[in-house]
1. With a 1.4 Å probe and all protein chains kept in place, how much accessible area does E87 have, in Å² rounded to the nearest 10?
2. Just to be sure I understand: of the beta bridges DSSP finds with both ends in the chain, what percent are antiparallel, rounded to 5?
3. Could you put R27, R103, R34, R7 in order of accessible surface area, largest first, with the 1.4 Å probe and the full protein assembly present?
4. Using only the Cα atoms of the chain, what semi-axes does the equivalent ellipsoid have when each is the square root of 5 times a gyration tensor eigenvalue? Give whole Å, largest first.
5. Give the long-range amide H neighbours of G8: residues separated by 5 or more places, or on another chain, with amide H under 5 Å away, using H modelled in the peptide plane at 1.01 Å from N.
6. Using 7 Å Cα-to-Cβ label points, what is the L10/W76 separation (nm, one decimal)?
7. Which whole-Hz ³J(HN,Hα) couplings does the range 55-62 yield from phi under the Karplus relation 6.51 cos²θ - 1.76 cosθ + 1.60, θ = phi - 60°, glycine and proline marked x?
8. Please name whichever of A49, W35, V111 sits farthest to the positive end of the charge dipole of the chain, dipole taken about the Cα centre and charges placed at Cβ: Lys and Arg +1, Asp and Glu -1.
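The values are calculated or read from the model by the stated rules, or taken from the named source; none is laboratory data. Computed from a predicted structure; not experimentally measured. Quick reminder, even Gly has a Cβ in these numbers, built from the backbone with ideal geometry, and neighbours come from all protein chains shown. Surface accessibility is based on the protein's heavy atoms, side chains included, excluding ligands, DNA and RNA. Shrake-Rupley method; radii C 1.70, N 1.55, O 1.52, S 1.80 Å.
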Amino acid sequence: VQLQASRGGLVQAGGSLRLSCKVTGSRNSISVYRWYRQAPGKERELVAALTEDGSTSYVDSVKGRFTISGDNARIWVYLQMNSLRPEDTAVYLCHAEDRWAKRYWGRGTLVTVSS
């Protein structure tokens, strides 16, 4: 399984940005997709998760602002980010885990939110 995330970018506070993650390879083995982020000087943080049955979960700080979703074939997994805040600035990483708990990572993409 390979994951390729779209470019992040620079956005003003209050703005929106959508990250995309293209999934290639043995997608049918994937049981959960996740987006993580890592801000400068901070530990990596799980932001959102999407299970194969469509259930979603979010870290409290993004609830109501971020939405994780995927197309039916799970070729694409998205993270829609609205009402962005400067504290959302981080490198965002697409992640997948298969049914045997093997984990896959995409390259990080930088999202910068200016105040």
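1. 120 Å²
2. Of the beta bridges lying entirely in the chain, close to 90 percent run antiparallel.
3. Result of the area sort, largest leading: R7, R103, R27, R34.
4. Ellipsoid half-lengths, sorted descending, are 23, 14, 13 Å.
5. Amide H neighbours of G8: L110.
6. 2.6 nm
7. 6, 10, 8, 9, 5, 4, 5, 10
8. V111
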